[in-house]
Each structure stands twice: as structure tokens, then as C-alpha cells.
Amino acid sequence: MGNFFSLLHEQIQTSANRVFLEFGDRTSITYGEADRMSAQVANRLATFGLKPGDRVTVQVEKSPQVVILYLACLRSGLVFHPLNTAYTLHELEHFFEDAQPSLVVCRPSMAYEVRQLASRFDIEHVETLDENGNGSFWDQVSSQHDEFAVAERSPDDTALLIYTSGTTGKPKGAMITHHNLSSNILAIMEFWEWEANDVLLHVLPLFHVHGLCPALHCPIMGGSKILFQNRFSVSETINLLPHTSVLMAVPTVYTRLLSDNRLTTEVCQDIRIFLSGSAPLLPETAYEFERRTGHRIMERYGMSEGQMITSNPFRGDRLIGTVGLAFPDIKLRICDESGERLDHGEIGMLEIKGPNVFSGYWRNPTATEKAFRSDGYFITGDLGTIDENGYLSIVGRESDLIISAGLNIYPKEVEDLLNQITGVADSAVFAVPHPDLGEAVFATVVKEKNATVTSDDIISTIKEKLSSFKIPKKIEFVDDLPRNAMGKVEKKQLRIRHQTEFNSQAR
Ligand code: AMP
């Protein structure tokens, strides 16, 4: 059976009496209850006449119900398409047009606007769900039958559609197959030596592969408990650490935990693994964390197109500044621009191949073709180097991608909007180091002659169209942008000029 849910289902049934999710004021759902609820939700999904392969777009706050909805989509063979709640209606347009979902589940507060937008794209069904599990979608769940046969799927069918932004043009939907999900989770479980008694503290969003895949699939496969936070909170995390054995987080979570005096060796006593990924972990954060807690963070590397790709080992050397070794069955190579393989220690483009690698970009054969070499290696866009022992270090990115608090921002999208504003002649958007966010969005803007536009005007204009995490933290005005002989903006110069811009900010 190619449906990834079958693999999860076996474990869910075996662990029926164990606690699956513990949340809020420590209410809990067992695996057996999750099994029945996911069947009820699958039956609810069936009331819309959805067929396997149809997309279900979900833009809602994180809640245990979203976890069940995800499992129900897998169970029904529907393609789960999660979206960050920060996306504005303007940004949603592209996702609706491109993904063509059959059902959209949105926040009740946005229902009116989302329905109007959906009708423009002939999307028939829009339902609501709030963070307490209320809304038109969920209201009709409890009356459904609590059995549902797992839908037949081929291993190469798409299970998840995760949009990643492109350096040019609009975000592209990475198609993640059932086989991608099953192979990756089996590799991770073995490599991290997952234990049934592990307790995972879930602080990550569910619209991103990190929070959705390893952070849900590992506990399910192990029959382990998840301490579930709807929203990351430093205090709640520190209170829960003594009851946790695994924390999967982004670097910003670690810098925020470090800023609290209650983070001590004692509260971390029962932790087995602190994992970090989705953005570079600064060595100073890793060293400081080790000094305060006695734990060396295990840094790993992944992306929407490849899920989890490398990790520092559970046993063996965890090398700070590296993202570790490839998971079993995943091949890595460092190449020059022409695709020629480089030696150990040389810096070049990281290319990957393996059962974890996505099947292509949704309805975008041109982008898919460009992303793969003829021998099947996927060109990640990340620059790295591999040492003699196979440890990978990510040293940069080929594109201008900004990663702020683990969320990706492509400058071009912000620049295009800035350049449309009356009074703005040109702009350059780039990343500068930030003590809390890792990287912050910075904009250098050239005004039109005699224009009076201010940074406040700019921010309030783009706020209507862009998610808040993409809004520049600072805007500077200059007469001209630095350009090279080819006329390309020298962002490196700008980055260096503003290197210490946010240094003085307290953590
Ligand atoms: P996403 O598709 O949103 O998961 O973003 C993937 C990108 O995040 C990768 O291509 C890398 O640029 C970056 N990334 C993920 N993990 C790490 C890491 N441990 N160190 C440096 N960059 C990372």
C-alpha cells in the first residue's frame, strides 16, 4: 500500500492506549482517539465530494485539530496544502490560482474575504476552524462515523504541497510524495535512535515541513507523547522542558530560551536531544547553550524539497558549525556551476539525490527541469562544503534568500512591491544579522526626485499586501544603489555596510 498513512496507522493502532497529544491545560488525546477522530474528519472531508489527489488548502492557527485534519487528509488520499497565517489576501490569490484547491479551511475571522476570493477561482468549498477547534468545518465532525478505510495511493502520488518562494516569479509548490514521507521518517528514526518513551515538545508551526513532518511523524512512529504548544512561548517551554526528551526547534527558539535565566542544567536534565534546523545556528549560540545546559544542540539541515537531508549524529561527534552527515540512502555532492564534482573542503553548490527528494514543482515543468541535473540530482541552491568524514557545512546561499526566525523571504517579492510605491524609484532588500531572528529584512530605497515618501508611508503601504515577517525591520534612503559593471546591485556591499545594524539590540 503506497499511502504513507498506512505506515502511521499501524503505529497509531498499536499505540491506541498511549497519549498522543497533550495540550492547553494538559488535556490529552490518545492514539486511539486520534485514530477515530481522523476517521471522522476523513468522513467529513468526504461530504464535500473530494477525490484522492484533490488539494485541501489550510490557513488556520495551529491547534490539535489541525494535526488531526492533516492525518485525515493523508488517510483520504487528499493533498494537504498548509499556509502560513501571516499570508495576506493579496498573497493568497496566487496560492488559490496555482494550487486550485477543492476545499479551503480558513480562520473564522477571514471567512468573508476568503470566500469572496475563492469564488473568483471557482473554489466551491470554504470552511472555518479556529485555534480552539471551533468553526463550520469542525462543528460537523463529531456526528461522523469513526471508521474510514485508508485510501489507496501509489508511493509516487503527492501527499503534501508546500510552497517555496522562487528567486524570480511566484512561490512554487513542492510536491512531496507518500514515498518521500515514509522513506525520510524511517531514516530519521534510525539515525536519531528514536525511543518509544521519548516525549517531544512541539513548538513549531504546522505550515512548514519541520513542524509538520519530523515533529509529528517521529512521535507517531514511536507511539510517543507530544507536548503541544499552539504558539511558542519561552515560559511554557521552560516549564515543560523537565517533562520533555526531544525538542525540535529553529535557532531563534534557542536564542530566546537563552535570554531567560530559568534555562538551567536542572530543567534540561531529562532531555535526550535538542535539535536545530531551518536556518543556520550561530556557533556562539551553540556554545552558549552548551555552557548553560550541558547539552550540545544537534544541528540538522533540510528543506521543503528534501525534508530532512543531514544531521549531526546522536552518538559520535556533533560538530558545531556543521549540519552533520547525510541520512541513510541520501547522496550529497558539492559541484561547480557546470555540475562538475568538487573535492572535499571545496565550496560549491550542494546537490542531493535520494528517496527524500520531491517529485517536482506543481504544474511547473520548466522550474522542475531547471532544478534537477540530468542524473537526477536536485540543485539545492545552498552553498556548502563536505569534509573528509562526510560532514556538511552550509556556508551560504546562491540566492538572496533571507531566513528570519526560520521563515523564508525572497527579496524580489518585497522589492517589486516597494518599487510600485509612488515616490520610490528603486530598492534593494537583503538580510542583515539579527541577534534574535538570525537574519532581519533590511531595505535600501532610492526615492524619485523631489519625492516626500517616508519609511512609515512605505511600511503602511506594503503591510496591506505582505505578511508581517516579510516587512523590512529598517528602511534607509540613499541617492543611488551600489551596482557592479553589469548593473547588478551589489547586495554584498550593502550587507557589509549594515552588518552591525541590529547588534546593539538585546536578545
Ligand atoms: P525551507 O524550504 O523553508 O525549509 O527552507 C530551506 C532552506 O533553509 C535551505 O535551503 C537552507 O538555505 C536553510 N536551512 C535549513 N536548515 C539549515 C541549517 N541547519 N543551516 C543553514 N541553513 C539551513
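The table below gives the values:
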item: For segment 404-497: rounded, prolate or oblate by the Cα gyration tensor [a/c cutoff 1.5]; result: oblate
item: Charge sum, other residues only, whose C-beta stays under 14 Å from ALA39's C-beta, Lys/Arg counted +1 and Asp/Glu -1; result: -1
item: Unit charges at the beta carbon, dipole of segment 404-497: most positive-side option, LEU407, ILE421, VAL453; result: LEU407
item: Sum of -39500 (n - 2.57) over DSSP H runs of 4+, divided by residues of the chain (222 nm, nearest 500); result: -8500 deg cm²/dmol
item: Listed residues GLU61, GLU337 arranged by accessible area, highest first, probe 1.4 Å; result: GLU337, GLU61
item: About the Cα centre, charge dipole magnitude for the chain (Lys/Arg +1, Asp/Glu -1 at Cβ), debye; result: 340
item: Rounded FRET efficiency, nearest 0.05, which uses the C-beta distance separating GLU113 from THR454 and R0 of 35 Å; result: 0.75
item: Extension gain (nm, one decimal) between GLU10 and SER154, 0.36 nm per residue minus Cα-Cα; result: 50.1 nm
item: Spacing of the two label points (7 Å from each Cα toward its C-beta) at ASN419 and PHE314, in nm; result: 5.0
item: Which of TYR112, TYR287, TYR254 is most accessible, then next, and so on - probe 1.4 Å; result: TYR112, TYR287, TYR254
item: Segment 1-103: trypsin sites (Lys or Arg not before Pro) falling in loop per DSSP and having at most 11 other Cβ within 10 Å; result: ARG26
item: Cα lying deepest toward the dipole's positive end in the chain, options HIS434, GLN269, LEU200, charges on Cβ; result: HIS434
item: Estimated FRET transfer efficiency (GLU340, VAL234; beta-carbon r; R0 41 Å; 0.05); result: 0.30
item: Cα-centre dipole for segment 129-235 with unit charges at Cβ (Lys and Arg positive, Asp and Glu negative), debye to 20; result: 500
item: Stretchable slack from SER468 to ASN484, in nm (0.36 nm times residue separation minus alpha-carbon distance); result: 2.6 nm
item: Expected-Rg normalisation [2.2 N^0.38 Å, Cα atoms] applied to the chain; result: 0.97
item: Loop-located GluC sites (Glu not before Pro) in segment 263-326 whose Cβ has at most 15 other Cβ within 10 Å (DSSP); result: GLU266
item: Stretchable slack from ASN503 to VAL446, in nm (0.36 nm times residue separation minus alpha-carbon distance); result: 18.0 nm
item: Between segment 353-424 and segment 70-93, the Cα center-to-center distance that results, in Å; result: 21
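The values are calculated or read from the model by the stated rules, or taken from the named source; none is laboratory data. Model, not experiment: these values are computed from the prediction. Reconstructed Cβ throughout: ideal geometry from the backbone, glycine too, with neighbour counts over all protein chains shown. The protein model used for the area step is the full one, side chains on, heavy atoms only, and it has no ligands, DNA or RNA in it. Shrake-Rupley method; radii C 1.70, N 1.55, O 1.52, S 1.80 Å.
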